[in-house]
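Notes to accompany the following structure.
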Amino acid sequence: MSQQQKSVTVIGLGPMGQAMVRSFLKAGVEVTVWNRSPEKAEAMAELGATRAATVAEALDANEVAVLSLTHYAAMYDVLGPVTDRLRGKVIANLSSDSPGKAREGAAWVRSHGAEFLSGGVMSAGDDIEHPASYIFYSGPREVFDEHARLLLPLSPQEYLGADDGLAQVFYQGLLTIFHPWLLAFDQATAMIAKSGHDIARFVPFAVRSSAAFPHFMQEFSVANQNGGWADVASLKMMDAGAQHIIDASAEVGVDATFSRTAQEYWRKAVAASADAGRAVSPFELLRDGSPAK
């Protein structure tokens, strides 16, 4: 960290923003904070941060400002009235949004004379100190390199490339995996509970089975680079397996909508295979919408 980079501004003090402030302070970085709700800023001030009364004051305090907001639209709401304060600053937006909106946000920030980095925070909830936590970054390499040490207390870093949207491509890709998993876990444990059995007894087996997930990811990643895994007999087996899950859930009154959605894709792949005269994978359907014959 250079002599000029021992302080930072954090704008947005939800659970993630507060975790960032704590990590910076723990690393000996001076932090200026601003939040719409003043009580959150006051709570961070009690930990040693400096509370800015206005966004302009927060930006003026430091060269680098980290944004932890609900989405990119909030960046315009917060920074829009003070664009005259952006020139010469570095905005590291670690908020979640689409890759396209990240690219648009980067262009907007730069149009006002500031540098920009996009980030996607992969963490266990808001526990950015968890061993599995890290942050994707994208944007100009020279900007990342200059400020990487200052940002390092937030989590280990994975710089992906100059494309401003790339951090969000990878981040949203991982959330695409996480959201269905979370719903599937809720459905599974609801089925266990409604069957009159102990969720706590079931969970170790779920953890044990998850050890095979990396194997499947590696296998399917190779297949998906070549059009996706497709075997009509196996697709029909997955359709039948989905029906068994639906039946098991329905027998105890658990909502099986999620499993019906999965079954729909297996059935679409079977039907598309019949139409195309070849095996068509769900990956191909998701990627292209309809298969090439």
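For segment 44-51, the criterion of being more than 17 Å from residue 81 (Cα to Cα) and touching a residue at least 60 places away in the same chain (Cβ under 8 Å) is met by no residue. One residue is enough: does segment 200-209 have a residue meeting the conditions more than 28 Å from residue 173 (Cα to Cα) and among the basic types (Lys, Arg)? Taking every residue of segment 200-209 in turn, at least one turns out to be more than 28 Å from residue 173 (Cα to Cα) and among the basic types (Lys, Arg). When each of 161, 139, 173 is tested for being closer than 30 Å to residue 249 by Cβ, out of contact with any Pro (no Cβ under 8 Å at 6 or more places or on another chain) and modelled with pLDDT of 95 or more, the lone residue that passes is 173.
Against the test of being in a helix (DSSP H, G or I), over 21 Å from residue 22 (Cβ atoms) and aliphatic (A, V, I, L, M), the options 102, 58 yield a single qualifying residue, 102.
Every residue, every condition in (1) farther than 24 Å from residue 99 by Cβ; (2) of a type in the set (Asp, Glu); (3) not in a strand (DSSP E or B), yes or no:
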| site | (1), (2), (3) |
| --- | --- |
| 146 | no, yes, yes |
| 153 | yes, no, yes |
| 167 | no, no, yes |
| 170 | no, no, yes |
| 187 | yes, no, yes |
| 196 | yes, no, yes |
| 209 | yes, no, yes |
| 220 | no, no, yes |
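Looking across segment 72-91 at every residue that is hydroxyl-bearing (Ser, Thr, Tyr) and within 22 Å of the chain's Cα centre (by Cα), the one that is surrounded by the fewest Cβ atoms within 10 Å (Cβ to Cβ) is identified as 76.
Candidates 95, 133, 111: the one that is free of Cβ contacts under 8 Å to residues at least 24 places away in the same chain and under 15 Å from residue 167 (Cα atoms) is 133. Note on segment 156-165: among residues that are in a loop (DSSP other than H, G, I, E, B) and either of a type in the set (Asp, Glu) or touching a helix residue (DSSP H, G or I) at 6+ places or on another chain (Cβ under 8 Å) (or both), the one that is nearest to residue 91 (Cα to Cα) is 164.
I'd like to verify a number: residues in segment 235-257 that are farther than 20 Å from residue 269 by Cβ and not in a helix (DSSP H, G or I), how many? Of the residues in that region, 4 qualify.
Only one entry in 241, 227, 289 is closer than 28 Å to residue 173 by Cα, touching a residue at least 24 places away in the same chain (Cβ under 8 Å) and under 31 Å from the mean Cα position of the chain (by Cα), namely 227. Please work out which residue is surrounded by the fewest Cβ atoms within 10 Å (Cβ to Cβ), limiting yourself to segment 104-129 and to residues that are among the aliphatic types (A, V, I, L, M) and within 28 Å of residue 26 (Cα to Cα). Out of the qualifying residues, it is 124.
Within this structure, residue 10 passes the test of being within 21 Å of residue 144 (Cα to Cα), in a strand (DSSP E or B) and in contact with a Gly (Cβ under 7 Å, 6 or more places away or on another chain). Looking across segment 114-130, the residues that are without any contact (Cβ under 8 Å) to a residue 40 or more places away in the chain and over 18 Å from the mean Cα position of the chain (by Cα) come down to 114, 115. Would it be correct to say that residue 142 is outside any helix (DSSP H, G or I), free of Cβ contacts under 8 Å to residues at least 60 places away in the same chain and either out of contact with any helix residue (DSSP H, G or I) (no Cβ under 6 Å at 6 or more places or on another chain) or under 25 Å from residue 245 (Cα atoms) (or both)? Answer is no for this residue.
The values are calculated or read from the model by the stated rules, or taken from the named source; none is laboratory data. Model, not experiment: these values are computed from the prediction. Heads up, the Cβs are rebuilt from the backbone with ideal geometry, glycines too, and the neighbour counts pull from every protein chain shown.
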